[in-house]
Amino acid sequence: MEAVELKQTIQLAVGDTLVSAAGSVYEITKLARVGRGIRVHYVTEAGHAGRFTAAPDAVTRVRRSGSLQAA
(Lines give C-alpha, C1' and ligand atoms only; values in the text may rest on other atoms or scores of the structure.)
Protein backbone atom coordinates (compact mmCIF):
# COMPACT_ATOMS: atom_id res chain seq x y z
CA MET A 1 0.00 0.00 0.00
CA GLU A 2 1.32 3.42 -0.91
CA ALA A 3 1.70 6.27 1.55
CA VAL A 4 -0.96 8.96 1.44
CA GLU A 5 -0.34 12.49 2.73
CA LEU A 6 -2.88 14.97 4.08
CA LYS A 7 -2.49 18.31 2.31
CA GLN A 8 -4.36 21.58 2.28
CA THR A 9 -5.95 22.47 -1.07
CA ILE A 10 -3.57 25.45 -1.40
CA GLN A 11 -0.64 22.96 -1.43
CA LEU A 12 -1.94 20.85 -4.33
CA ALA A 13 -0.17 20.79 -7.70
CA VAL A 14 -1.06 19.56 -11.18
CA GLY A 15 -0.06 15.91 -11.41
CA ASP A 16 -0.86 15.11 -7.78
CA THR A 17 -3.22 12.17 -7.26
CA LEU A 18 -6.17 12.54 -4.90
CA VAL A 19 -7.23 9.41 -3.03
CA SER A 20 -10.78 8.97 -1.73
CA ALA A 21 -11.58 7.17 1.51
CA ALA A 22 -12.88 4.27 -0.61
CA GLY A 23 -9.55 4.05 -2.47
CA SER A 24 -10.55 5.66 -5.79
CA VAL A 25 -7.90 7.88 -7.36
CA TYR A 26 -8.23 11.15 -9.26
CA GLU A 27 -5.34 12.87 -11.05
CA ILE A 28 -5.34 16.68 -10.86
CA THR A 29 -5.20 18.29 -14.31
CA LYS A 30 -5.80 21.97 -13.48
CA LEU A 31 -6.06 24.31 -10.49
CA ALA A 32 -7.70 27.75 -10.56
CA ARG A 33 -8.53 30.39 -7.94
CA VAL A 34 -12.27 31.11 -7.85
CA GLY A 35 -13.21 33.88 -5.45
CA ARG A 36 -12.04 32.68 -2.03
CA GLY A 37 -11.85 29.04 -3.14
CA ILE A 38 -9.78 26.85 -5.42
CA ARG A 39 -11.34 24.92 -8.31
CA VAL A 40 -9.71 21.53 -8.76
CA HIS A 41 -10.11 19.82 -12.15
CA TYR A 42 -9.36 16.09 -12.25
CA VAL A 43 -9.60 12.95 -14.36
CA THR A 44 -10.62 9.52 -13.01
CA GLU A 45 -9.00 6.15 -13.72
CA ALA A 46 -11.75 5.57 -16.31
CA GLY A 47 -10.87 8.84 -18.07
CA HIS A 48 -13.89 10.85 -16.92
CA ALA A 49 -13.26 14.52 -16.17
CA GLY A 50 -14.68 16.28 -13.14
CA ARG A 51 -14.13 19.25 -10.86
CA PHE A 52 -14.87 20.53 -7.39
CA THR A 53 -14.28 23.76 -5.50
CA ALA A 54 -12.70 23.72 -2.05
CA ALA A 55 -11.53 26.22 0.54
CA PRO A 56 -7.75 26.81 0.45
CA ASP A 57 -7.38 25.33 3.94
CA ALA A 58 -9.54 22.24 3.27
CA VAL A 59 -7.67 18.96 3.82
CA THR A 60 -7.38 16.34 1.06
CA ARG A 61 -5.71 12.92 0.82
CA VAL A 62 -2.88 13.03 -1.75
CA ARG A 63 -0.42 10.61 -3.27
CA ARG A 64 2.28 13.11 -4.29
CA SER A 65 3.14 13.57 -8.00
CA GLY A 66 1.72 10.20 -8.87
CA SER A 67 -0.04 9.17 -12.03
CA LEU A 68 -3.01 6.94 -12.69
CA GLN A 69 -0.74 4.28 -14.20
CA ALA A 70 0.87 3.77 -10.76
CA ALA A 71 -2.51 3.10 -9.11
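The values are calculated or read from the model by the stated rules, or taken from the named source; none is laboratory data. Remember, it's a predicted structure, so these values are computed and weren't measured experimentally. So basically every Cβ, Gly included, is an ideal-geometry build from the backbone, and we count neighbours across all protein chains shown.
Tabulated data for the structure shown
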item: Residue among 15, 47 that is on the phi > 0 side of the Ramachandran plot, of a type outside the set (Phe, Trp, Tyr) and out of contact with any Ser or Thr (no Cβ under 9 Å at 6 or more places or on another chain); result: 47
item: Selection within the range 1-36 - within 18 Å of residue 48 (Cα to Cα), more than 9 Å from the chain's Cα centre (by Cα) and not hydroxyl-bearing (Ser, Thr, Tyr); result: 22, 23, 30, 31
item: Residue in the range 4-24 that is assigned to a strand (DSSP E or B), exposed (fewer than 11 other Cβ atoms within 10 Å of the Cβ) and hydrophobic (A, V, I, L, M, F, W, C) present; result: yes
item: Those residues of the range 32-55 which are assigned to a loop (DSSP other than H, G, I, E, B) and either modelled with pLDDT under 95 or farther than 14 Å from residue 8 by Cβ (or both), in sequence order; result: 35, 36, 45, 46, 47, 48
